[in-house]
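Nothing in this text is a laboratory measurement; each read-out follows from the coordinates by a stated rule. Remember, predicted model here, so these are calculated numbers, not experimental data. Glycine gets a Cβ as well: all are built from the backbone with ideal geometry, and neighbour counts include every protein chain shown.
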Amino acid sequence: MKDHPGDGIRTPWEEPPKEGEAIEVAPGVLWMRLPLPMKLDHVNVYALDDGDGWTVVDTGMASKRGKAIWRALLEGPLAGRALRRVVVTHHHPDHIGMAGWLMAETGAELVMTRTAWLMARMLTLDEQALPPAETLTFYRRAGMATDIYDARATERPFNFADVVSPLPLGYTRIQQDDRIEMGGRSWDVHIGNGHAPEHATFWSRDDASVLAGDQILSSISPNIGVYPTEPMADPIADWLEACERLAELARPDHLVLGGHKLPFTGLPLRMQQLIGNHHGALARLLEYLETPKAAGECFAPLFKRSIGAGEYGLALVEAVAHLSHLHQTGLATRSLRDDDAWVYQRKD
Ligand SMILES: [Zn+2]
Ligand SMILES: [Zn+2]
């Protein structure tokens with residue numbers, strides 16, 4: 001990959017906004033942060049000045065502390081003016097978590113893609129005291145480590161509803177090729193995929209701003225996983241298709257406002273990296289599959305670092321995604337081992 005002068009990745013702000021504060025990253029566009037209780041400890045949210053009120057993009061996970069921070073943001077940087085719309089880029093809890101609460105507090109309307117809204121509504125209503133049989137089957141097929149499997153089988157699983165406020169009925173749908181007015185600009189809606197289904201991104205027609213959610217991040221590769229809700233999904237194929245399509249739109253001067261980490265410029269190069277990371281991972285994995293391996297045995301070639309307990313779940317679903325892509329594109333075989341795990345082997 002050739003890094004032309006001027007095409008490199010730059011981060012105009014090295015320090016994120018402090019809790020309860022905002023940084024104006026473009027006229028009428030405020031960047032704010034909310035905390036997350038995990039290794040990735042923050043999510044970025046944005047407020048766009050519509051003149052008669054605000055549109056916010058993404059909301060953070062629901063928590064007492066998060067709600068207190070939102071109250072401080074609404075009164076402080078947002079100056080007590082009306083919150084008219086909540087736009088959510090994708091259904092993950094760190095983005096949709098407080099959307100329902102903000103709607104109830106302020107009367108704001110919700111704007112999302114249909115798939116993202118359906119996923120979020122479905123998952124908040126599907127409360128589980130123990131993992132259902134399908135989830136346990138999925139874990140065994142993934143070759144989850146026995147001690148982790150035994151612990152999870154008897155514990156209340158992560159529940160969407162624990163960190164996502166109830167979503168009231170009713171939303172406004174956005175889809176590919178829509179245009180939406182926010183913050184005194186017209187934005188083209190382009191749909192991403194792979195990290196989350198029907199993930200919305202917004203490309204300003206009037207300046208160089210791009211609201212990218214988690215489809216495009218500056219310094220981490222968005223997680224791409226397969227879940228028990230759709231065990232035969234091929235999100236790697238979805239990801240590559242979406243990134244190649246979005247790369248066509250990318251300009252070096254675009255200011256990319258993503259869901260995590262820092263805003264950046266140098267998008268054409270970043271898109272090539274995001275695509276290249278997965279081609280590289282797939283090649284290393286294929287090399288490793290000389291003998292049959294389950295997903296839980298493929299962390300070393302995929303991640304090139306050790307995986308801690310806090311990351312195990314995300315690493316496992318990402319390993320399944322890469323192996324299943326090799327299988328579904330005809331590069332690897334898949335068969336069921338005695339321990340009920342799918343094992344994958346390179347085709348010669
Ligand atoms: Zn996400
Ligand atoms: Zn996120």
Requested in this report: Collect residues whose amide H, placed 1.01 Å from N in the peptide plane, falls under 5 Å from the amide H of VAL45; neighbours closer than 5 in sequence don't count.
Outcome: MET32, ARG33, LEU34
Query - Label point distance in nm, GLN176-GLN273, each placed 7 Å from Cα along Cα→Cβ - result: 2.7 nm
Report task. Among ALA72, ALA99, GLY51, pick out the residue whose Cα is farthest towards the positive end of the charge dipole of the range 1-146, where Lys and Arg carry +1 and Asp and Glu carry -1 on C-beta, about the Cα centre. Result -> ALA99
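Hey, what number do you get for the chain at 222 nm if only DSSP H runs of n ≥ 4 count, each worth -39500 (n - 2.57), divided across all residues, to the nearest 500?
Working: 11 runs with 114 residues, N = 348.
One gets -9500 deg cm²/dmol as the mean residue ellipticity at 222 nm.
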**Report entry** Formal net charge of residues neighbouring HIS90 (Cβ-Cβ distance under 10 Å; K, R +1; D, E -1)
**Finding:** -4
Requested in this report: List the GluC sites (Glu not before Pro) within the range 206-293 that fall in a DSSP loop (any state other than H, G, I, E or B) and whose Cβ has at most 13 other Cβ atoms within 10 Å.
Outcome: GLU248, GLU290
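For GLU241 and GLU75, what is the calculated FRET efficiency with R₀ set at 51 Å and r taken between the beta-carbons, to the nearest 0.05?
Details: r = 43 Å, r/R0 = 0.84.
E between GLU241 and GLU75, to the nearest 0.05, is 0.75.
What GluC sites (Glu not before Pro) in the range 1-82 are in a loop by DSSP, with at most 12 other Cβ atoms within 10 Å of the Cβ? Show your work: numbers first, answer last.
On the way: sites: GLU14, GLU19, GLU21, GLU24, GLU75; in loops: GLU14, GLU19, GLU21.
Those that pass, being in a loop and sparsely packed, are GLU14.
Scan the range 270-322 for trypsin sites (Lys or Arg not before Pro) in coil per DSSP, keeping those whose Cβ has at most 11 other Cβ atoms within 10 Å, and list them by number. Can you show the working numbers first?
Numbers: sites: ARG270, ARG284, LYS293, LYS304, ARG305; in loops: LYS304, ARG305.
For trypsin sites (Lys or Arg not before Pro) across the range 270-322 that sit outside H, G, I, E and B with at most 11 neighbouring Cβ atoms in 10 Å, the list reads LYS304, ARG305.
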Report task. Show the residues, 5+ positions off or on another chain, whose built amide H is closer than 5 Å to the amide H of ASN193. Result -> HIS199, ALA242
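Within 10 Å, at most 12 other Cβ atoms, and a DSSP state outside H, G, I, E, B define an exposed site. Report the longest part of the chain free of exposed chymotrypsin sites (Phe, Trp or Tyr not before Pro). Intermediate values should be presented prior to the final figure.
Working: sites that count: TRP13, PHE158.
That would be 159-348.
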Query raised in the report: For the chain, modelled as a GNM with alpha-carbon contacts under 10 angstrom, which of ASP177, ASP147, ASP207 fluctuates the most?
Result: ASP147
